[in-house]
Amino acid sequence: MRQLFFILFFIISLEAITLKHKIYKVESKRKRLIRTGEWKVYLKRKNLLGKMFASTKQHVTDYDDMEYLSNITIGTPPQSFVITPDTGSSNLWVPDISCSSRTHNCLEYCNNTKTCYEICDESCCKNQMNIEARNSNCDHKIKFDSRKSSTYIKSGKRFEIQYGIGYASGFIGIDTVGLVDDNGNILKIPNTGFGQTTSASPDFATDPSDGIMGLGFTSLAVDGITPPIINAINNGLLDEPIFTVYLQHDGLESINGKIGGAITYGNFDNENCDSRIDYHPLSSASYWQFKITGFSMGTYRKSKYGWEAISDTGTSFIGAPNFILSKITRIAGARFSRKYDSYVINCDAQIPDIKISIGKKVYTINQKYLIDKIDNNVCVLSFFGMDSGGYSPQWILGDPFIMSYCQIHDIKNKRIGFALPK
């Protein structure tokens, strides 16, 4: 009888479902470091490392302004983790239990003695590549212990990922990834590859998340690892091969730890989003990438056959081509601040809405989404400059756009849809 019950439970757990997964709003790294007086030191490290990788053509995600977290489990029985859901990347990774040891595997750029202490863990700034360190950047993280999971499979492959000024390295494991909603519904995704990090950059130590869960396509993933949601769709675990992202807006005074929205896996979010959806084909099924054909703000207008753009939950600002950003800041009356590495603007400023053309549709972003408070009486314009070209993203539509429009990610048909929030 016990064996029959287990078989029935296993079959039920693999039925296709729709699952609404809450996401929580937290203070971004930029805001936290400004508040604690550590931003200047961090920015110096970031700029040094940025110069070292100035020639790379690969777009790297910078999590300075990441403001949303969610919960997942890995293993059997489940081990819980807090992760950043990120449509701008495709890998899932969390710290491994061995990351709490005192040994660091240092990356090659840490061999540069002139800049090592500015950009790497102190333990790496020696002549030898693996030494005993006084601290681990994983000490305050939840770590995955494969010895406690009956469904774990060791792959034997190495894992290394780089983003902004950070990095994480280790090895790849395979196990069951789980997502749970408030009603106790469980989305179990068996045989999912993920990174088990044994070493991470110093900036990781103070991040509120344990890791990242990428929601992009497999072609974007390091080592070609199938992302969890793609794996779920491939195995018929979701009602529909889509997921919907809804972010709510809380004004300038956002509350740390408050529910910030939801990701609905397997269906359209009809609770939070209007039923009218306008779909656009992806120009590249790697990021959630599509073409922007026009931009306007006030009397300024610019059109093009097609700028490459991505929708990215891991970016709380909008990335725009530098020549357009200069127009935006002039119209808004914002000025660049080296102290904040952002465009400072009066918190009470009244600026024109912006309009972005995608296909034959025009999408409006209200000014309330375009000004962000980062310190006492200090606000910034929610834009940053980009100089990408070719097939790399020239625009990144982060939280201001995602709060303005629900994002419907249609994996099967390789398209993205936008709907007004209710």
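Points to keep in mind about this one:
- Of all residue pairs spaced 6 or more apart or on separate chains, those with beta-carbon atoms under 9 Å, a first member in segment 397-422 that is farther than 19 Å from Tyr24 by Cα and a second member that is of a type in the set (Phe, Trp, Tyr) and in a helix (DSSP H, G or I) are Phe418/Phe401.
- Subset of segment 288-298 (residues that are among the polar types (S, T, N, Q) and closer than 16 Å to Thr364 by Cβ): Thr293, Ser296
- Which numbered condition Gly261 fails, given (1) surrounded by 15 or more Cβ atoms within 10 Å (Cβ to Cβ); (2) in a strand (DSSP E or B); (3) modelled with pLDDT of 95 or more: (3)
- Looking across segment 73-88, the residues that are assigned to a strand (DSSP E or B) and over 15 Å from the mean Cα position of the chain (by Cα) come down to Thr73, Ile74, Gln79, Ser80, Phe81.
- The listed residue being among the small types (Gly, Ala, Ser) and either surrounded by fewer than 17 Cβ atoms within 10 Å (Cβ to Cβ) or over 30 Å from Asp375 (Cβ atoms) (or both), out of Ser209, Ser219: Ser219
- So Val180, is it within 17 Å of the chain's Cα centre (by Cα) and modelled with pLDDT under 95: no
- Selection from segment 402-422 of residues that are part of a helix (DSSP H, G or I) and farther than 16 Å from Tyr287 by Cα: Met403, Ser404
- Any hit, segment 232-253, residues being in a loop (DSSP other than H, G, I, E, B), crowded, with 17+ Cβ neighbours inside 10 Å and in contact with a Lys or Arg (Cβ under 6 Å, 6 or more places away or on another chain): yes
- Odd one out for Ser98, checked against (1) buried (at least 21 other Cβ atoms within 10 Å of the Cβ); (2) at pLDDT 70 or above: (1)
- The one condition in (1) touching a Phe, Trp or Tyr at 6+ places or on another chain (Cβ under 9 Å); (2) part of a loop (DSSP other than H, G, I, E, B); (3) over 13 Å from Ser382 (Cβ atoms); (4) polar (S, T, N, Q) that Thr293 fails to fulfil: (2)
The values are calculated or read from the model by the stated rules, or taken from the named source; none is laboratory data. If you're wondering where the values come from, they're calculated on a predicted model, not measured in any experiment. Please note: Cβ atoms are built from the backbone with ideal geometry, for glycine as well, and neighbour counts cover all protein chains shown.
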